[in-house]
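Input: a single structure, listed below in structure tokens.
The values are calculated or read from the model by the stated rules, or taken from the named source; none is laboratory data. Here the structure is a predicted model, which is why all the values come from computation and not from measurement. Here the Cβ is made from the backbone with ideal geometry for all residues, glycine too, and neighbour counts use every protein chain on show.
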Amino acid sequence: MVLPGVYAPQEDTALLAGALSDESLPPGAAVLDVGTGSGALALAAARRGGRVTAVDVSWRAVCAARVNAARAGLRVRVRHGNLFTPVRGETFDLVLANPPYVPAPGRGRAPRGAARAWDAGHDGRLVLDRICAEAPGLLRPGGVLLLVQSALSDPERTVGRLREAGLKAAVTRRQRIAFGPVVRGRERWLRQRGLLSLTDNEEELVVVRAELPV
């Protein structure tokens with residue numbers, strides 16, 4: 001179930017779910033799904049036996065994730081809050097993140113409403129840089145961060161910042177998709193900025209995997 005104004009599972013969700021299926025997740029592993037939306041990834045982790053906490057800044061998303069967990073008969077702790085704020089002081093074996101990552105026109109304007117699920121500032125890194133800075137402190141030794149983003153928002157910078165924080169990080173999955181409505185709506189602006197070439201007609205999504213050494 002997806003409520004109006006809540007980010008619906010799309011290609012990026014499926015790409016991250018595929019990366020999740022590759023991870024060894026022992027029963028009872030502590031999992032955090034940050035920016036859970038409808039809760040699709042949280043439910044996938046719960047089906048694997050994880051003790052899952054899901055967080056979203058949108059109250060509608062929180063409600064949708066709670067309803068979807070109940071309908072599936074799965075135990076998921078769903079919290080309302082901005083990124084990692086609701087889980088301060090906790091650590092996890094696995095952190096999943098599908099943050100907003102689409103560059104948006106207009107410097108200094110924070111996204112509002114449903115746009116918080118995709119608009120990510122002028123360079124697309126409004127939330128990505130926060131995750132790179134804060135997620136390493138939430139991982140247990142051997143813990144893994146799985147993050148999906150667009151090539152429009154500089155995956156190499158994500159990998160570099162996570163390595164600087166002491167994690168082993170790399171892009172592990174890539175997928176090209178047709179432009180969705182958000183990218184189509186600002187295609188001309190993205191081309192003017194050089195983030196899309198004149199011949200690009202697809203967007204590349206990537207999964208970044210980062211692990212805290214034991």
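What the table below lists for this structure:
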read-out: Boolean, Ser58 is modelled with pLDDT under 95, of a type in the set (Ser, Thr, Tyr) and surrounded by fewer than 18 Cβ atoms within 10 Å (Cβ to Cβ); value: no
read-out: Test: Thr36 is hydroxyl-bearing (Ser, Thr, Tyr), under 21 Å from Gly137 (Cα atoms) and within 12 Å of the chain's Cα centre (by Cα); value: yes
read-out: Selection within the stretch 190-214 - over 30 Å from Phe92 (Cβ atoms) and of a type in the set (D, E, K, R); value: Arg191, Arg193, Asp200, Glu202
read-out: Residue satisfying condition, being within 22 Å of Ala169 (Cβ to Cβ) and crowded, with 19+ Cβ neighbours inside 10 Å, within set Ala64, Ala45; value: Ala45
read-out: Qualifying position, being over 23 Å from Tyr7 (Cα atoms), surrounded by 13 or more Cβ atoms within 10 Å (Cβ to Cβ) and small (Gly, Ala, Ser), among Ala133, Ala117, Ala104, Ala151; value: Ala133
read-out: Hey, Gly89 of a type in the set (Gly, Ala, Ser), crowded, with 17+ Cβ neighbours inside 10 Å and within 18 Å of Ala135 (Cα to Cα) or not; value: no
read-out: Criterion violated by Ala104 - all others in (1) among the aliphatic types (A, V, I, L, M); (2) assigned to a helix (DSSP H, G or I); (3) under 20 Å from Val182 (Cα atoms) satisfied; value: (2)
read-out: Some residue of the stretch 46-67 being touching a residue at least 60 places away in the same chain (Cβ under 8 Å) and not β-branched (Val, Ile, Thr); value: yes
read-out: The stretch 194-214, residues that are surrounded by fewer than 14 Cβ atoms within 10 Å (Cβ to Cβ) and either modelled with pLDDT under 95 or over 21 Å from the mean Cα position of the chain (by Cα) (or both); value: Gly194, Ser197, Leu198, Thr199, Asn201, Pro213, Val214
read-out: Single residue of the stretch 41-64 satisfying the filter (in contact with an Asp or Glu (Cβ under 7 Å, 6 or more places away or on another chain) and part of a helix (DSSP H, G or I)) that is nearest to Ala30 (Cα to Cα); value: Ala45
read-out: Condition met for Glu202 (within 19 Å of Arg125 (Cα to Cα), among the acidic types (Asp, Glu) and out of contact with any Gly (no Cβ under 7 Å at 6 or more places or on another chain)); value: no
read-out: Index of the failed condition, Pro105 passing every other in (1) modelled with pLDDT of 95 or more; (2) closer than 25 Å to Leu126 by Cβ; (3) over 17 Å from the mean Cα position of the chain (by Cα); value: (1)
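Conditions (1) out of contact with any strand residue (DSSP E or B) (no Cβ under 7 Å at 6 or more places or on another chain); (2) at pLDDT 95 or above, marked per residue:
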residue: Glu134; (1), (2): yes, yes
residue: Leu138; (1), (2): no, yes
residue: Leu145; (1), (2): no, yes
residue: Arg186; (1), (2): yes, no
